[in-house]
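Remarks on the structure that follows.
The values are calculated or read from the model by the stated rules, or taken from the named source; none is laboratory data. Remember, predicted model here, so these are calculated numbers, not experimental data. Positions of Cβ are backbone-derived with ideal geometry, glycine not excepted, and every protein chain shown enters the neighbour counts.
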Amino acid sequence: MKPFGLAVRLLWRDSRAGELTILFLALLIAVTSSTAIALFSDRLERTMTNQTAEFLAADMVISSHATIPESWLEKAKQLNLAQAQTAEFSSVLIENDELLLAGIKAASDLYPLRGFLKTTTSDYADEAIEHKGPEPGLAWVEKRVLSALKLNIGDPITVGEKKLAISKIVTYEPDKQGDIYSLSPRVIINKQDLQETGVIQPGSHVHYFFQFSGEQAQLTEFKRWVKPQLNLAQRILDIHEDRPELGSALNRAERYLGLSSIVVIIISGVAIAMATRRYTERHLDATAILRCLGCKQNEVLWLFISQFLVLGLLTSAFACGLGWFVQEMLFKLLRNLLPQSVANPGWLAVFFGMMTGMTILIGFALPPLLRLKKVSPARVLRRDLEPLPTSAWLVYGLAGGLVGILIWRYTEDLNMTATIFCTGLVLLLVLGLLVYLILMLARRSLSSIPLNWRFGLQGLLRNSRATTSQILAFTITLVAMTLSFTVRSDLIENWHKQLPEHAPNHFALNIFPEQLPGLQTEFKDNGIENSQFYPVIRGRLTEINNVPVQKIVSKDSQGESATHRKLSLTWTEKLPEDNKIIAGTWWSPEKKPEVSVEQKLADSLKINLGDKLLFVVGGQQLTVTVSSIRSLRWDTMKPNFYMIFSPGTLESFPGTFLTSFYLPENKKTYLNQLVKHYPAMTILEVDLILKQFKTILSQLTEAINYLLYFALMAGFTVLFSAIYSTLDNRIYESALLRTFGANRSLLRRTHIIEFALLGLVSGVLAVIISEGLLFALYSIALHMDYHPTYYLWIALPLIGTFALGLAGCWGVRHVVSSPPLQVLRNF
Amino acid sequence: MQTQQSRNIIVTENLGKSVKTSSGTLHILSDINLQVASGESIAIAGESGSGKSTLISLLAGLDTPTIGTISLNGKSLTSMDEDGRAAMRNQLVGFVFQSFQLLQGLTALENVMLPLELRGDKNAKNAAVALLDRVGLSERLTHTPRQLSGGEQQRVALARAFVSRPAILFADEPTGNLDSKTGTKVIELLFELNLENNATLILVTHDQTLANRCQRIIKLDAGRIV
C-alpha cells in the first residue's frame, strides 16, 4: 500500500462527496481567526509600541547622570541606530528683575527621534508640529516663562552665560519625564549652546537622556549589549515603568488580545472536535470495509491522519490568506483612529497562525480520529459493532493540555495559567458529571410526560454520554464568547472610569502651608474640582532593617532608581482613593511611626511588613515601621505616592502641598490669575498627555471591539456548524418517525424542545463556568474588581436556547418537508 | 494426509465463539470442524440466529474465535495478530455482502479500484474498468452508489470482490436485499466469476435453491453443524 497517494485520492473523493465540508469550515474558521488575530495583535502591538515610544521621544532611552562612554554611541552607530541626546538641569533665570527656577533642556539636532514637539508664536496662533528642537542661538520657552520673567517672543533670555533669542513658545514636549515634582517651567535650547552657558561644571546636577531608534532586532541587540555595562546611576527607560499609566493600559490591552486568541482557538477547537467526531462516525463503515479489504489498523489510522494533514495544510494555506485579508479589513475599519503609520504585517505572525491551525487540528481532531483504528472489520457483517470511544483522558487531556499551553504562551504566567486552567477544568468536570446524572434521572420520568416532550427528551437521553459531550462543547463555546464580551465591556468601562470626563488635567505643586486655606477657598469659589491636598516632604530612603538600600536592590530595577533620588513623601489620615491595602493594615491605633509602601516598589526593594526603614529627611534621620503594602492606580491623574507615612511622623519637617484639579479648556485664563496670586506655586498642565492617553485608549477600545465582533462571529458560525455535525442521527430518526405516521407539527415541536433544551442547559452551565473563570481572571490576571454579571444569568440561557433551537430546527427542516423515503435513502 | 491437507484451503478445528452477557455466557458457535478444498463451493445454511454470519466472519478473519483454530491456505489464522489477519485478507480473500457495503462517497469505478489501490497496484484503474465491463456496468463507472439500483450496486460489489483475484470468496446473503429476478442474475454472475477465477466460494444463505447450487451444504442450528 502506498498510503500517502491513496490518502490524497481518498481525500479528494471525500471532498467531492461533501464529507469534508463541516470539517473544512471548522478548520477554516480556526486558522483564519488565529492568523487574523495573530497578525492583528502583532501589528497593533507594534503600532502601539511605536506610538508609545513617542512618550519617550525614542524607541529606547538610557538615562544617566553623566555622559555615557563613546564606545556605546559607536556601537549604536554600527547597528544603524539613530541617536539623539538631551541634557536636563535646573537653572535660575533672571530677567527684568524677576527670578525663575526653570527646567532647561538642551536637545541635540535629531531630537525627538519619535513623536514631535508643539510650538506656537502667540496666544492666537495655531500650534505647529516640530520634528526638531531650536537652532543654535535660539530658545523655545513655555508660556509661563514669558509671563514670569515679563518677556515676549524675540526678546533675549540668558541661560547661564549664554544669551539666546526666544523664538517660539513650546506647548508640548513628548518626553516630560517621571518625577513631576521637579518639573519647572521649560526652556529648550540647542545642545551646541550648552557648553557656552557655562552651567555644566563638575559636580552639577545634570540628567542626560541618550535616545536611540531603529529596527527592533538592532535595538534588542544594543540593549542586550549595553545592559551589563550600565553603572548604578544609569538605566534604560521603559514605557511600562516610566509611564505606568500607559503601561498598565497597554498591558491590559495586550492581555485582551491574548485572551481573544485563546477564545477563538478554543471555539475553533470545539468545532474541529465536533466535526471530526461526525467525520469519524460517518467513516466507521468505510473503515470497516477498508479493514475487511486488508488494511492494517495502523495503515487505516495513517490513511486518515495523512488526509487530515493534507486537508490541514491546504486549508491552512488558504485560511492564512483569508486571515491576512480579514486583518487588513480590520485595520481599514480602524484607519481613522490609528496613527498615520501602521506597522507592517509580519510573516512570523502568518507562520504562527498556520502553526496554530495545525496544532489545533492535531490536538482536537486526533483523539476522535483514533477511534477509527479500533473499528472491527466484522462491522461489515454487523453494523451494530461500534468501536470503543477513545479514552476520555486522551480526548480531554490532549485538548486540555493544548489549551493550557496556549494560555501559558499568552499570559506567560504559570500561576495564572494554572488557576484559569484548573478553575475551568474543575467546573467543567463537576458540571459535566451533574448533567450526566440529571440526564440519567430524567430518563425515569419520561413515561409521564406528553408525547412531543417525551420524543424531544428522548433525543437527548438516548445517548447520555454523547449528549453530555455536546452540551459541554456548546457550553465551552458560549463561555468563550461570554468571556470575550464581558472582559471587553469591563475593560472599557474601567478605562472610562479611570479617566472620567472631568479627570484632573492640572497638577498644582509647591503650595506652601500658609497658602493652603486661601487656595482651598479660591478653588471652592471658582467651582474648581480638585483632589485631596497632600503634604509633600522630600526625603531619601537609605536603609532597610539597618542594611544600606544600595546593597539590597538589583541593578536596573525600579527600586534601584528610587534609591538614587529623593522621594516625595506624604502623610495622611485616610487611605487615598484608588489605593488598596494588599498586606498589613492601615495605621495602628498606637500611633507609632509607620509607613505604607507601594507594592511594586516594595517588591523591588524586597520590603516586607514590619521592616524598619530609615529615611533621611531635611538632614535628619527618621525610622519607621512598614505597616502596610498598597497597590495603587497610576492612571488616575491624581497625586500618587510610593511612601505614605502615618500622621504625626512627618508634620515637623518643612514641606509643601500638592493637588490635582480639573480646569475646562474655556477657563484656561484662570491659570494666569492663579499664578499671579500664588507666584511660587508650580502649575503643571497635563491636558495633552491626558488627551494622548485618551486617544490611545479609544484606539485600543475600537480594536478590541472589532476583535470581539470577530470572536462572536466565529463563535456563532461554530455553534451552527457544530449543531450540523450532530444532526445525522436526528434526521434519520425523524424520517423513521415520519414513516410511522408522525406528523410535521409533532416533529417540529419535538425538534424545538430537543434543541432548545440542549441550548438552555448549555446556557445555564456557561453562566456558572463564565462567572467562575471571570472571578479567576479578574482577581489574578487583570487585577480588576470582580462583581457578578447579573444580566448574564438571563441572557446566556436565552441566547443558548434561541441560538441552538433555531440552528437545530433549521438543520433538520428538510426532514419535515421531504418525503421520508428520500431522507432514508440518503443514509 | 499431507496431500489432503494441502488441498484444503480452509480447515477449522473445534471452533467456538461465545460472548458474556448479563445472564451468563452465550455460545454462538460450538465444535465447528470443517475442511474446505480449494475451488470448492460451500453453502452455509440455517435459520436466523443460527450463527451463519459469525462463522463466516471467523473464517474470513474478521473476528477471533473464543476457542479452536482456523487455518487459511495452510497458515494458522488464529495465531496471527490483527495486522497479520488484515494482510491475509488483502492477499487471499474477497467479500460480497447482503448490504453491498460500497463506499457512498466513491464512484463505482473508485469502489472497485480500492482493493488494488490498497495493494499499491498501479494497474488498478484498468483492471477495475475491465471488471466493471465484465459485470455490465461500463456505462456507470462514474456513478455513486446512490445513483445505482440495488442489483447494480451488488454487481459493483462483485466486481470489487473479484478485482483482486481472491483465492476465497465469502458471500453473505448476496441476494438478501434484492428482488428474486435481480437476485438470480446476480447469483449467475457470481458463479460465473467464481468459475473464471477458480476461487473457493463460501456462501451464507437461508435460500435452499441457492444453497443447492453449491457443491456442499453445511447446515447450522444453534451454533452447531447438523
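Yes/no per residue for (1) acidic (Asp, Glu); (2) in a helix (DSSP H, G or I); (3) modelled with pLDDT under 80:
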| site | (1), (2), (3) |
| --- | --- |
| A:Val435 | no, yes, no |
| A:Arg443 | no, yes, yes |
| A:Trp453 | no, yes, yes |
| A:Phe474 | no, yes, no |
| A:Thr482 | no, yes, no |
| A:Glu493 | yes, yes, yes |
| A:Lys497 | no, yes, yes |
| A:Gln515 | no, yes, no |
| A:Phe523 | no, yes, no |
Item to check | Residue list for the range A:273-331, restricted to those being under 30 Å from A:Phe710 (Cα atoms) and either within 14 Å of chain B (Cβ to nearest Cβ) or in contact with an Asp or Glu (Cβ under 8 Å, 6 or more places away or on another chain) (or both) | outcome: A:Arg278, A:Tyr279, A:Gln307
Checklist entry - (1) under 24 Å from A:Leu303 (Cβ atoms); (2) among the basic types (Lys, Arg); (3) buried (at least 18 other Cβ atoms within 10 Å of the Cβ); (4) more than 9 Å from chain A (Cβ to nearest Cβ): which one isn't true of B:Lys125, the others all being true? => result (3)
Checklist entry - Given (1) buried (at least 18 other Cβ atoms within 10 Å of the Cβ); (2) touching a helix residue (DSSP H, G or I) at 6+ places or on another chain (Cβ under 7 Å), where does B:Asn177 come up short, assuming only one miss? => result (1)
Next on the checklist: Would you confirm whether or not the range B:49-57 contains a residue that is closer than 27 Å to B:Thr209 by Cα, more than 10 Å from every other protein chain (Cβ to nearest Cβ), in contact (Cβ under 8 Å) with a residue 12 or more places away in the chain and in a loop (DSSP other than H, G, I, E, B)?
Outcome noted: yes
Checklist entry - Would a scan of the range A:355-377 turn up a residue that is small (Gly, Ala, Ser), more than 18 Å from A:Ser33 (Cβ to Cβ), at pLDDT 80 or above and in the same structural domain as A:Leu322 (by TED's automatic domain parsing)? => result yes
Item to check | Residue check, A:Gly397 modelled with pLDDT under 80, among the small types (Gly, Ala, Ser), part of a helix (DSSP H, G or I) and more than 23 Å from the chain's Cα centre (by Cα) | outcome: yes
Checklist entry - Among the residues of the range A:18-59, which ones are assigned to a loop (DSSP other than H, G, I, E, B), crowded, with 17+ Cβ neighbours inside 10 Å and either at pLDDT below 75 or within 14 Å of chain B (Cβ to nearest Cβ) (or both)? => result A:Glu19, A:Leu20, A:Glu54, A:Phe55, A:Leu56
Checklist entry - Can you name every residue in the range A:115-140 that is at pLDDT 80 or above, more than 17 Å from A:Gln192 (Cα to Cα) and buried (at least 20 other Cβ atoms within 10 Å of the Cβ)? => result A:Leu117, A:Thr119
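Mind checking which residues of the range A:55-90 are among the polar types (S, T, N, Q) and out of contact with any strand residue (DSSP E or B) (no Cβ under 8 Å at 6 or more places or on another chain)?
Within the range A:55-90, A:Ser71, A:Gln78, A:Asn80 meet the criteria.
This table checks each residue for (1) out of contact with any Cys (no Cβ under 8 Å at 6 or more places or on another chain); (2) touching a residue at least 40 places away in the same chain (Cβ under 8 Å); (3) acidic (Asp, Glu); (4) more than 10 Å from chain A (Cβ to nearest Cβ).
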residue: B:Gly74; (1), (2), (3), (4): yes, yes, no, yes
residue: B:Leu77; (1), (2), (3), (4): yes, no, no, yes
residue: B:Met80; (1), (2), (3), (4): yes, no, no, yes
residue: B:Asp83; (1), (2), (3), (4): yes, no, yes, no
residue: B:Arg89; (1), (2), (3), (4): no, no, no, no
residue: B:Gly94; (1), (2), (3), (4): yes, yes, no, no
residue: B:Ser99; (1), (2), (3), (4): yes, yes, no, no
residue: B:Gln104; (1), (2), (3), (4): yes, yes, no, no
residue: B:Ala108; (1), (2), (3), (4): yes, yes, no, yes
Checklist entry - Take the residues of the range A:578-611 that are in contact with a helix residue (DSSP H, G or I) (Cβ under 8 Å, 6 or more places away or on another chain), outside any helix (DSSP H, G or I) and at pLDDT 80 or above: which is surrounded by the fewest Cβ atoms within 10 Å (Cβ to Cβ)? => result A:Ile582
Checklist entry - Just wondering, is there one or more residues in the range A:654-661 that are assigned by TED's automatic domain parsing to the domain that holds A:Phe512, in contact with a strand residue (DSSP E or B) (Cβ under 9 Å, 6 or more places away or on another chain), closer than 15 Å to A:Val617 by Cα and part of a loop (DSSP other than H, G, I, E, B)? => result yes
